[in-house]
Amino acid sequence: MTRKPTAARPLNWPGDPETVAAADIDFEALAHVLANTCRRGGCMRGYHSVAAHAVIVSEEVGALDGLGDEDRRRLALHALLADAPSAWLRGAAPGSQRAADRTGRLAAAIEAAVREAAGLDAVLHEEQAELLRFVTRMAAAAENRDLLEPGSGSGRGLAAGAGVAFPPLKRRIGSIPPAKAAEAWLARFRALAGDGGAADAIAS
C-alpha cells in the first residue's frame, strides 16, 4: 500500500533555483509541485500533469526488453526525474539568449542535485539518453492523440522531433487529479530509489 503524505511534517518546497542542494530536496514536495503543473501550459482538453507524464514514461521504460535489471531501474528513475527542474524554474520562457543560457545552467545544476539526492551518481550514456528521448516522444504523441484538440496539427498521434514523426504509446492517456498523480509519482520514486533517495528519509 502506498504511504500517504505525512500531514504533521512541513514540506520543504522547491524555492530559489540558484541555491538547490541535494540535502535540501524533498521528494514528497517535488511530487506535489509536478502534480500541480499541467503539461504544455495547460493547452489540453483534460488536465495532464508533469508528474503523471513522468510516471507514464518511467513505467514504459521499465517495461523495455534488452536491459539488465539495474540498467532498467536506473533508466526508469532518470525518466521519472527528467522534468524535476521545472519545479524550481516554474516553466518561465526565457526572453533573451542570456536568459536562456541562465535557465540552461540552472536546469543542469538542479538535475545534478536531484540525481545526487536520488542516489543516481552519473548522467546517462548517450545510447540510454537516446532511448529515453524516444520513449518520451512516444508519450508526447500519445498526449496528442488522447488529450489535444482535434485538428490541432498533432491529433493523429504523431509527435514531431527533429523532423521525425514518432508513433504514440499503445496505452491511452487520461486525466488524473493532482493528488492521485502526486501519490503515483511518489510511489514510483520509492519503488525505484529505495534507500538510495536521501531526501526520501525526510518524507517517511
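The values are calculated or read from the model by the stated rules, or taken from the named source; none is laboratory data. Since we're looking at a predicted model, the values are computed, not measured. Every residue, glycine as well, gets a Cβ built from its backbone with ideal geometry; the counts of neighbours run over all protein chains shown.
Going by the conditions given, is ALA109 outside any loop (DSSP other than H, G, I, E, B), closer than 17 Å to ALA193 by Cβ and among the small types (Gly, Ala, Ser)?
Taking the combined requirement at face value, the residue does not satisfy it.
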| task | Name every residue in the stretch 101-152 that is in contact with a strand residue (DSSP E or B) (Cβ under 9 Å, 6 or more places away or on another chain) and either on the phi > 0 side of the Ramachandran plot or aromatic (Phe, Trp, Tyr) (or both), in order of residue number. | result | PHE134
| Within the stretch 172-197, considering residues that are loosely packed, with under 13 Cβ neighbours inside 10 Å and not small (Gly, Ala, Ser), the one modelled with the lowest pLDDT | ASP195
| note | A careful count of residues in the stretch 38-47 that are surrounded by 15 or more Cβ atoms within 10 Å (Cβ to Cβ) and without any contact (Cβ under 8 Å) to a residue 12 or more places away in the chain gives 0
| Of the residues in the stretch 87-110, how many are buried (at least 19 other Cβ atoms within 10 Å of the Cβ) and either under 25 Å from GLU127 (Cα atoms) or of a type in the set (Ser, Thr, Tyr) (or both)? | 1
| task | Please give the number of the condition ARG40 fails out of (1) assigned to a helix (DSSP H, G or I); (2) modelled with pLDDT of 90 or more; (3) within 18 Å of ALA141 (Cα to Cα). | result | (2)
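If you check ALA93, ALA84, which single one turns out to be at pLDDT 90 or above, outside any helix (DSSP H, G or I), of a type in the set (A, V, I, L, M) and out of contact with any His (no Cβ under 8 Å at 6 or more places or on another chain)?
ALA84
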| request: Sort out which residues of the stretch 148-170 are surrounded by 13 or more Cβ atoms within 10 Å (Cβ to Cβ) and at pLDDT 90 or above, and write them in order of number. | output: PRO167, PRO168, LEU169
| remark: Within the stretch 15-37, residues surrounded by 18 or more Cβ atoms within 10 Å (Cβ to Cβ) and not in a helix (DSSP H, G or I) come out as VAL20, ILE25, ASP26, THR37
